[in-house]
Amino acid sequence: MLFQAYFRGAKAAVALECFEEAAELCSIGIEYDHTNMELLKLKTIVDKKLADAAEHRKKEALIILEAEVF
């Protein structure tokens, strides 16, 4: 049950807010067991966190850009 190690690693990465690593661990775990609902659910959560973080960075970049223009 190797996928459990990836699941636990991904959960730990999420707790440390290391979402890229969590996504990678989820993906590898899903390769071993693509029917594991816990792992699929965690991957969905991680993907949402990554999207939120990217959106936040984009907004920050726009604010900085606007501040530099003035």
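The values are calculated or read from the model by the stated rules, or taken from the named source; none is laboratory data. Not measured: the values here are computed from a predicted model. Glycine also receives a Cβ, built like all others from the backbone with ideal geometry; neighbour counts cover every protein chain displayed. Just so you know, the surface numbers come from the protein's heavy atoms only, side chains and all, with ligands and any DNA or RNA stripped out. Shrake-Rupley method; radii C 1.70, N 1.55, O 1.52, S 1.80 Å.
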Answer residue from region 24-70, given it is within 30 Å of GLN4 (Cα to Cα) and among the acidic types (Asp, Glu) and is most open to solvent (accessible area, probe 1.4 Å) among those: GLU31
Hey, any hits in region 14-23 for a residue that's at pLDDT below 95, more than 21 Å from MET1 (Cβ to Cβ), open to solvent by less than 60 Å² (accessible area, probe 1.4 Å) and within 14 Å of the chain's Cα centre (by Cα)? no
Wholly inside the chain, helices (runs of 4 or more DSSP H) that include 1 or more residues that are free of Cβ contacts under 8 Å to residues at least 60 places away in the same chain and basic (Lys, Arg) are 2-15, 37-69
